[in-house]
1. Of the residues 11, 74, 63, 20, which single one is among the aliphatic types (A, V, I, L, M) and within 27 Å of residue 163 (Cα to Cα)?
2. Can you tell me which of 70, 81 is exposed (fewer than 15 other Cβ atoms within 10 Å of the Cβ), touching a residue at least 60 places away in the same chain (Cβ under 8 Å) and aliphatic (A, V, I, L, M)?
3. From the residues in segment 133-182 that are small (Gly, Ala, Ser) and closer than 17 Å to residue 198 by Cβ, which one is surrounded by the fewest Cβ atoms within 10 Å (Cβ to Cβ)?
4. Output yes when any residue across segment 22-31 is in a loop (DSSP other than H, G, I, E, B), out of contact with any His (no Cβ under 9 Å at 6 or more places or on another chain) and in contact (Cβ under 8 Å) with a residue 60 or more places away in the chain, and no when none is.
5. Of all residues in segment 48-71, how many are of a type in the set (Phe, Trp, Tyr) and closer than 14 Å to residue 131 by Cα?
6. Do you know which residues across segment 1-53 are within 17 Å of residue 71 (Cβ to Cβ) and of a type in the set (A, V, I, L, M, F, W, C)?
7. Cβ-Cβ under 7 Å, sequence separation 6+ or interchain: first residue in segment 124-153 and touching a residue at least 40 places away in the same chain (Cβ under 8 Å), partner basic (Lys, Arg) and surrounded by 15 or more Cβ atoms within 10 Å (Cβ to Cβ). Which pairs?
Amino acid sequence: MILLYSKFENLEQEKKETILAACLDEFAQYGYQNSSTNRIVKKAEISKGLLFHYFGSKRLLYLYILDYVLAYYLKKIYQRLDGLPRDFFERVMEIGLIKLEIAYQEPAIYKIIIDAFIYKPAELEQEINERYKKIYEANKPLLVQNLDTSRFRDDIDQEKAMELILFAMEGVSNKYLDLFKNMSYDEIMRKMDTIIREYQDYMEILKYGVYR
C-alpha cells in the first residue's frame, strides 16, 4: 500500500495536506460516484496529470482517502478509551457514544465513512467489505478486555454470551445501515438520539438473558 502511493507520501507535508483537504472536501460533499477529479485538482491547485501521477486512478484515490479517514477516525476513538466502563453493556454503549461525538466533531470524516459503508459503489464493494471486516475484528478486543464479568450467570459460557450479544448488536447496526440508504447525512444525524434510545432498549432486553 505504501509503495502504491509512495509518490504522494514523499511530498512535502504542506503540499500533502493541501491535496488531502481538497479530496476530503470533495468526497464528503459528493461521495464516490458524483465526485469530480476536475474539482479536486482545481481546489488543490495542481494538474490532473499530477493527481493521477500520485494515485493512478480515481478509484485508487478514493480507497486511499477512505483508509486515511478510517485511520483518523479509529485514532480518535482510541484516544477516548481510557476509563471505559467495566460492565460489558455499558462499554458497548459508551463506545457507541464516543463514535457519535466524533461524528458531530468531524462531519466531513464521518460523511466519507457513511458514504463508503452505506452507499458503497458496486465496483468497490469487495474492497470496502474487506476494510469493514478488518476493522471489526481488530476492534473486537476493546469490548472484552478488563471486563467485570461478575454479573454474568454462572450457567452460561461468558465468551459465547458476549459474542452472541455482539452478533445481535451487529444485526441492529445492519438494520440501521439499510434504513440509512434512503436518508441524507443530515437526516441520519437528526435520528441519532432515537437510535441511541433503541440501542439501550435492545441491550436491556439482552441483559435479561445473560445477567443474574
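No value in this document is a laboratory result; all are computed from the given coordinates. Note that this is a predicted model, so its numbers are computed, not measured. Positions of Cβ are generated from backbone atoms using ideal geometry, with glycine treated the same way; all protein chains shown enter the neighbour counts.
1. Details: 11 fails: within 27 Å of residue 163 (Cα to Cα); 63 fails: within 27 Å of residue 163 (Cα to Cα); 20 fails: within 27 Å of residue 163 (Cα to Cα).
Answer to the selection: 74.
2. Numbers: 70 fails: exposed (fewer than 15 other Cβ atoms within 10 Å of the Cβ).
The unique qualifying residue is 81.
3. First, pick out the residues of segment 133-182 that are small (Gly, Ala, Ser): 138, 150, 161, 168, 171, 173.
Adding the requirement that they be closer than 17 Å to residue 198 by Cβ leaves 168, 171, 173.
Values: 168: 15, 171: 10, 173: 14.
Looking at residues that are small (Gly, Ala, Ser) and closer than 17 Å to residue 198 by Cβ, I get 171.
4. We begin by selecting, within segment 22-31, every residue in a loop (DSSP other than H, G, I, E, B); these are 31.
Filter once more, so that each one left must be out of contact with any His (no Cβ under 9 Å at 6 or more places or on another chain): 31.
Of the ones still in play, those that are also in contact (Cβ under 8 Å) with a residue 60 or more places away in the chain are 31.
Looking through segment 22-31, at least one residue is in a loop (DSSP other than H, G, I, E, B), out of contact with any His (no Cβ under 9 Å at 6 or more places or on another chain) and in contact (Cβ under 8 Å) with a residue 60 or more places away in the chain.
5. First, the residues of segment 48-71 that are of a type in the set (Phe, Trp, Tyr): 52, 54-55, 62, 64, 68.
Next, only the ones that are closer than 14 Å to residue 131 by Cα stay: 62, 64, 68.
Residues that pass the stated criteria total 3.
6. Once the filter is applied, which keeps residues that are within 17 Å of residue 71 (Cβ to Cβ) and of a type in the set (A, V, I, L, M, F, W, C), segment 1-53 yields 1, 2, 4, 8, 19, 20, 21, 23, 24, 27, 28.
7. Correct list of pairs: 128/120; 143/91.
Table: residues versus (1) part of a helix (DSSP H, G or I); (2) aliphatic (A, V, I, L, M); (3) surrounded by 13 or more Cβ atoms within 10 Å (Cβ to Cβ).
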site: 11; (1), (2), (3): no, yes, yes
site: 18; (1), (2), (3): yes, no, yes
site: 35; (1), (2), (3): no, no, yes
site: 39; (1), (2), (3): yes, no, yes
site: 42; (1), (2), (3): yes, no, yes
site: 49; (1), (2), (3): yes, no, no
site: 54; (1), (2), (3): yes, no, yes
site: 59; (1), (2), (3): yes, no, yes
